[in-house]
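Contents: one structure, followed by commentary.
What follows is calculated from the coordinates using simple rules that are stated; it is not laboratory data. Bear in mind the structure is a predicted one, so any value in this text is a computation, not a measurement. Glycine gets a Cβ as well: all are built from the backbone with ideal geometry, and neighbour counts include every protein chain shown.
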């Protein structure tokens with residue numbers, strides 16, 4: 001959902017104050033930082049609340065309200081790395097683009113996470129692993145990449161063969177896939193891995 005320029009500025013200021021203060025700002029602090037009247041800030045916050053980016057929680061009479069960003073809000077504020085669904089490490093599966101969760105890790109622009117399904121990359125990845133991917137169309141020979149083909153995605157080693165691209169599994173039981181390069185889109189390259197308990201500790205899932 002799109003934001004107005006004023007709403008975008010409010011969210012940017014919330015992020016800046018969070019970095020400065022080490023916590024989310026209260027409404028009077030946000031008003032002072034923006035140079036907006038208290039009511040103008042409350043109007044913007046009400047709009048952001050309706051759009052599902054945050055909650056404004058009253059702390060009782062005489063106490064400043066607290067801001068509680070939702071999952072979508074924390075993603076927008078850069079307070080984590082978004083989990084953009086799952087990606088097969090097997091036969092290509094349906095591409096999933098919606099945000100399904102947020103990893104409590106420092107945000108890095110252009111990075112996102114994917115949940116591994118399938119066993120074609122065993123023993124490199126196993127089902128349930130979370131991989132961190134750097135969004136880029138550039139891939140070196142032999143790098144692991146998230147590749148999009150005809151509405152489907154897969155996680156494989158990538159090798160360019162002239163006008164074609166070979167997608168190779170780690171598991172020898174899966175034969176290579178050789179496809180025309182013009183029909184593929186490299187969406188990102190594998191950067192790092194989270195497994196087991198670490199995933200459950202860092203991941204907040206959208207219900």
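Counting 0.36 nm for each residue step from residue 59 to residue 173 and taking away their Cα separation leaves a gain of 35.1 nm. Ranked by how many other Cβ atoms sit within 10 Å of their own Cβ, fewest first, the residues 86, 192 fall in the order 192, 86. A Förster distance of 41 Å, applied to the separation of the beta-carbon atoms of residue 163 and residue 8, puts the FRET efficiency at 0.45. Rounded if a/c is under 1.5, else prolate if a/b beats b/c, else oblate: with a ≥ b ≥ c from the C-alpha gyration tensor eigenvalues square-rooted, which is the range 5-77? Verdict is rounded for the range 5-77. Full extension of the segment from residue 40 to residue 108, taken as 0.36 nm per residue of separation minus the current Cα-Cα distance, would add 21.3 nm. Decide, for the chain, between rounded, prolate and oblate: order the square roots of the alpha carbon gyration tensor eigenvalues as a ≥ b ≥ c, take rounded if a/c falls under 1.5, and otherwise choose prolate if a/b is larger than b/c, else oblate. Prolate, since a/c reaches 1.5 and a/b exceeds b/c. Taking a ≥ b ≥ c as the square roots of the Cα gyration tensor eigenvalues, with a/c under 1.5 meaning rounded and otherwise prolate when a/b beats b/c, else oblate, which class fits the range 101-146? Oblate is the answer for the range 101-146, as a/c is 1.5 or above yet b/c matches or exceeds a/b. Here, the range 154-207 has an Rg and a Dmax of 15.5, 44 Å when only alpha carbons are counted.
With 0.36 nm allotted per residue and the present C-alpha distance subtracted, the residue 21-residue 99 stretch has 25.3 nm of extension available.
Once the mean of 1/r is taken over each pair of separate Cα atoms and inverted, the range 115-204 shows a Kirkwood hydrodynamic radius of 13.6 Å.
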